[in-house]
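Take a look at this one; I'll ask things after.
Each reported figure results from applying straightforward, stated rules to the coordinates on display, with no laboratory input. The shown structure was predicted, so the numbers you read here are calculated from the model rather than taken from an experiment. When we count neighbours, we look across all protein chains shown, and the Cβ atoms used for this are built from the backbone with ideal geometry, even at glycine.
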Amino acid sequence: MTLHRGAATAAVRRQQAAIRLAVVDDNVFLRTGLAHVLAAEPALEVVAESAHVREGLSALRARQPHVVLLGVASGGREPYGDVAELRRATPVSRIVAMLAHDDPGAVRRLLAAGAQAAIAQYSSPEELIGTIRGVAGHRDRVVLSVSQRTLAGLRETGPHLLTARELQVVALVARGLRNSQIARELVITEGTVKRHLSNVYAKLDAACRTEAVRKAVERGMVRTPVPITDYDLA
């Protein structure tokens, strides 16, 4: 992990107002180029770079960036565990997944794992900066800047399609969290969690939390690291 100190005078002037960023991507050219472009933008400060999440965890914990840009490569390791690991290591950070390929299913799972935004890697610097500012300034906002193909896949209608927020809720249920814990994690009220769960039950034709998680896992909506037997908790 590389820590960026920046020019001392400029850094001191904008330290309080700057959005602190970390860039995590195993493509060194993309990572360093992106860091260079973002560091030149007013009120953005790149505080850390890393090829992989695990190698940068100590620095991420120390620096607590407002936004983490996470590269999602085509054919690479599945990033959903990385998102969950980032959420644990630096819960204040907003996670922006940068996609190298079109995959509506991947976008759904990334959002369910806890990412707040998904953006295509070929997006313009202006689009990326807008996404960064959007998620940094609004705790309850989900931002998408993806291809028409991916967007069409996300817009598919049907009784079993969950919204991004519903996916996040059912993914947290799959991790064994109670409603009160989910509310704190997503910065929403417990009543809102219950409303989202009611929608999930209706869309998945599920009678309880355990059945909802099982059906979501079977359909590839979320992944669960624990046995699906202990979810019927308020």
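Please rank LEU204, LEU197, fewest neighbouring Cβ atoms within 10 Å first, as an exposure proxy.
Starting with the residue having the fewest Cβ neighbours, the order is LEU197, LEU204.
May I pose another question? With a 10 Å Cβ neighbour count serving as the proxy for reagent exposure, in which order, fewest first, do SER50, SER147 appear?
By the 10 Å Cβ count, ascending: SER147, SER50.
Compute for the stretch 164-218: radius of gyration divided by Kirkwood radius, i.e. Rg/Rh, restricted to C-alpha atoms, rounded to two decimals.
Rounded to two decimals, Rg/Rh equals 0.92.
With a sphere of radius 15 Å drawn around the Cβ of THR189, what net charge do the other residues whose Cβ falls strictly inside it have (Lys, Arg +1; Asp, Glu -1)?
Its environment carries a net charge of +3.
Further question on the same structure: Got a sec? How would TYR80, TYR201, TYR122 order by Cβ neighbour count within 10 Å, fewest to most?
TYR122, TYR201, TYR80
Oh, and also: With the cut-off at 1.5 for a/c, could you classify the stretch 82-179 from its C-alpha gyration tensor as rounded, prolate or oblate?
oblate
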